[in-house]
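This report refers to the structure that appears directly beneath it.
The values are calculated or read from the model by the stated rules, or taken from the named source; none is laboratory data. Predicted model only: the values in this text are computed from it and were never measured. Cβ placement follows ideal geometry from the backbone for every residue including glycine, while neighbour counts extend to all protein chains displayed. SASA here: full protein model, heavy atoms, side chains in, ligands and nucleic acids out. Shrake-Rupley method; radii C 1.70, N 1.55, O 1.52, S 1.80 Å.
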Amino acid sequence: MTKIERKTKETNIKIELNIHGSAKYTIDTGIGFFNHMLETLSRHSNFDLNVNASGDIDVDYHHLVEDVGIVLGQAFFEETRKANFERFGFSIIPMDDALVLSSVDLANRVYLMYDCQISGTILNFDVELIEEFWRAFVNNARIVLHIKQLAGYNKHHIIEAAFKSVAHSLKVACTPSSEILSTKLTL
């Protein structure tokens, strides 16, 4: 279990992560929809995840969502440094009208390709923040992540399918391996 804390003028984030867990989670960000997505990530990846986050959500959700992505990415990076793993994972997940593909490479390189055609809000949650979360996560986890919407029109379904797809991709990529899967013999 890796524990990371980040406290700024705008947010206070505490995250505990075990990538070889059993999908146990406690999530409290003060943002209902975001809690639901993080619970989905934990459940479908089998990661144990505890998130306690507070911040200036009376101003905007941006700081809190991005900072959770930063801290979760840092915890993920620390977890993946503990052993060798399969490295690559991919998944295509349907959710009603939505179909989302994701692929991941845990190669200690940073790249995000986010291709989801969504805009607007879900209640008062600006869906543009989902890309900000993934960008912060990828930059701090030091991974390559592609998320592509293949079908769908309901933004809740598209976002939830994306979180489930990424969760499955990460679950596969984090499978323990007896060797480093690189011709360089290092990641």
Inset, instruction - Classify the stretch 68-146 as rounded, prolate or oblate, taking a ≥ b ≥ c as the square roots of the eigenvalues of its Cα gyration tensor: rounded when a/c is under 1.5, otherwise prolate if a/b is larger than b/c and oblate if not. - result: oblate
Legend entry - Unit Cα scatterers, Debye sum, the stretch 1-90: log10 I(q)/I(0) for q = 0.25 Å⁻¹: -1.29
Inset, instruction - With springs only between Cα atoms under 10 Å apart, run a GNM on the chain and tell me which of G89, G152, G120 wobbles the most. - result: G120
Legend entry - Cα-based shape type of the stretch 120-160, given that a ≥ b ≥ c are square roots of the gyration tensor eigenvalues and the cut on a/c is 1.5: oblate
Inset, instruction - Using a 1.4 Å probe over the heavy atoms of the protein chains, calculate the carbon and sulfur portion of the accessible area of the chain as a whole percent. - result: 49 percent
Legend entry - Amide H within-cut-off set for L150, under 5 Å, with H built and near neighbours excluded: L99, V100, L101
Legend entry - the stretch 103-187: Rg to Rh, with Rh as the Kirkwood radius over Cα pairs: 1.04
Legend entry - Dipole magnitude of the chain, debye to nearest 20 (Cβ charges: Lys/Arg +1, Asp/Glu -1, about Cα centre): 760 debye
Inset, instruction - Take the alpha carbon atoms of the chain, find their radius of gyration, then divide it by 2.2 N^0.38 Å using N residues; give the quotient. - result: 0.97
Legend entry - Alpha carbon centroid spacing (whole Å) that separates the stretch 112-181 from the stretch 1-75: 15 Å
Legend entry - Solvent-accessible area per residue, Å², over the stretch 68-186 with all protein chains present [probe radius 1.4 Å]: 46 Å²
